[in-house]
1. At a 1.4 Å probe, what is the % contribution of carbon and sulfur to the accessible area of the stretch 29-122?
2. Counting only DSSP beta bridges with both residues in the stretch 4-220, what percent are antiparallel, rounded to the nearest 5?
3. Evaluate E = 1/(1 + (r/R0)^6) for Thr17 and Lys120, where r is the Cβ-Cβ distance and R0 equals 25 Å; express this FRET efficiency to the nearest 0.05.
4. How much length is gained if the chain between Val160 and Glu82 is pulled fully straight, taking 0.36 nm per residue apart and subtracting their Cα-Cα distance, in nm to one decimal?
5. Out of residues 5 or more away from Phe70 or on other chains, whose amide H comes under 5 Å of its own, with H placed 1.01 Å from N in the peptide plane?
6. Under 20 Å Cα-Cα from Lys141, which lysines qualify once same-chain neighbours fewer than 8 residues away are excluded?
7. Ranked by accessible surface with a 1.4 Å probe, highest first, in what order do Glu112, Glu208 come?
8. Counting other Cβ atoms within 10 Å of each Cβ, which trypsin sites (Lys or Arg not before Pro) in the stretch 1-87 have at most 15 and sit in a DSSP loop?
Amino acid sequence: MSYNIAVDGPAGAGKSTIAKLVAKKKGIIYVDTGAMYRTMALFMLRNQIDPADQESIIAKCREAEVTLGFADGQQVVFLNGENVNGLIRTEEVGNMASVISVIGEVRRNLVEKQQALAAKQDCIMDGRDIGTCVLPNADLKIYLTASSTVRAKRRYDELVAKGQSCDLEQIRLDIEERDYRDMHRELSPLKQAEDAILVDTSDMTIDEVVEKILSLSKERD
Ligand code: CDP
């Protein structure tokens, strides 16, 4: 049986940064499920699909094959064979991902791939529904969160570091809107699994959060 850690939480809680570091320390792979939804969103944006038109999204998602690859422990995401890693980290794609991820047809196919991967390999997987739906039997479940002000500032710093221009207040509003949509959707809403451990990172450094998860994972070994 493979060893699985599930990490869920809202946008900007630090899931990917933390999960990557924990993966490295434990010598397991990091699976970023948000990248799969983002890739599907990129496909919709490229095809100029109206976010409000669910029927078109459902029809179109059948034409997109989203696959994951791993090189040097790093995840690479492919859209119909094309490496799109460098194209999915924009706010436009993130917001579209949140819109299309409410649709069952979009989720089903991606969740199956995530489950198959986790069954085969030791991994730490992050997303919104990992502890609740994708890996209900994960060895350790973490719910990572932070205040929306802190999360907006982190996202802002990340985008500025990449040279993208952005507005802090707009990012905070987008984050709150995205959280609301993720938490209130009918299918697999973002919520803390009953057996997940809550970690509020508002006043914690990255190292402190990583240490905390590593020690929790040791306790469970
Ligand atoms: O990086 P960030 O936390 O902002 O977002 P992400 O993890 O890349 O996910 C983008 C969007 O995909 C989220 O806002 C969710 O709506 C959706 N998503 C989901 O529904 N289920 C997942 N397991 C992962 C992401």
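1. Values: 2060 of 4390 Å².
Carbon-and-sulfur percentage of accessible area, whole number: 47.
2. For the stretch 4-220, the DSSP antiparallel bridge percentage is about 30.
3. For R0 = 25 Å, the calculated efficiency reads 0.50.
4. Extra length available between Val160 and Glu82 comes to 25.4 nm.
5. Excluding prolines and chain starts, which carry no amide H, the hits are Val76.
6. Lys15, Lys20, Lys24, Lys25, Lys26, Lys113, Lys120, Lys191, Lys212, Lys218
7. On the way: Glu112 125, Glu208 95 Å².
I get Glu112, Glu208, largest accessible area first.
8. Filter output for the stretch 1-87: Arg62.
The values are calculated or read from the model by the stated rules, or taken from the named source; none is laboratory data. These figures come from a predicted structure and were not determined experimentally. Counting neighbours? That spans all protein chains shown, and the Cβs are built from the backbone with ideal geometry, glycine included. Please note that ligands, DNA and RNA were not included when accessible areas were found on the heavy atoms of the full protein model with its side chains. Shrake-Rupley method; radii C 1.70, N 1.55, O 1.52, S 1.80 Å.
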